[in-house]
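Below is one structure, written out as structure tokens; comments come after it.
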């Protein structure tokens, strides 16, 4: 698994006030479409915080159920292929410094979205939360087209993060011959 650490302010763990650990899922169907959530118009991978005593795969399973209503077996997920770690000074303008990790995994299912079985958290409920399938081959262009909205929402970093993750994913899938028919 590739690991990247971002630390532009050269913080140490002694400088950190809080740690948070997340999982994000590249969730594909058999049509090679990826299911994204769109929050206030900004695309993102499905995912969320790892809860106490949860594994990465259990978190992915729970988050997909909460955000899409889809129940998935743990066997429908890959092992993490990328881990992004970041030391964040004054996290979102607060006086706190955070250490954040995000592990990215792939999931595959053709199960339909079931909005009646979703369980969005209070923050997600306050926002315009939508789900949308995007063709994998069009994903990079779709994200670039979403950049202006992301910038207006002060979330452009999410587009940059997603594009960086796709580059790592491409390298990993070439090794494993996934999506090879599209090249």
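The values are calculated or read from the model by the stated rules, or taken from the named source; none is laboratory data. Please read all numbers here as calculations on a predicted model, not as lab measurements. Don't worry about glycine lacking a Cβ; one is built from the backbone with ideal geometry, like all the others, and counts go over all protein chains shown.
Things worth noting here:
- Unique match (being farther than 26 Å from residue 172 by Cβ and either in contact with a strand residue (DSSP E or B) (Cβ under 7 Å, 6 or more places away or on another chain) or modelled with pLDDT under 95 (or both)) among 6, 11: 11
- Looking only at residues of the stretch 162-183 that are in contact with a helix residue (DSSP H, G or I) (Cβ under 7 Å, 6 or more places away or on another chain) and modelled with pLDDT of 80 or more, we find that the one that is surrounded by the fewest Cβ atoms within 10 Å (Cβ to Cβ) is 163.
- Odd one out for residue 142 among (1) in contact with a helix residue (DSSP H, G or I) (Cβ under 8 Å, 6 or more places away or on another chain); (2) surrounded by 13 or more Cβ atoms within 10 Å (Cβ to Cβ); (3) at pLDDT 90 or above; (4) in a helix (DSSP H, G or I): (1)
- Check on residue 77, surrounded by 17 or more Cβ atoms within 10 Å (Cβ to Cβ), in contact with a helix residue (DSSP H, G or I) (Cβ under 8 Å, 6 or more places away or on another chain) and either under 21 Å from residue 122 (Cβ atoms) or at pLDDT 95 or above (or both): yes
- When 78, 135 are checked against the criterion of being free of Cβ contacts under 8 Å to residues at least 40 places away in the same chain, touching a strand residue (DSSP E or B) at 6+ places or on another chain (Cβ under 9 Å) and within 14 Å of residue 26 (Cα to Cα), 78 stands alone in meeting it.
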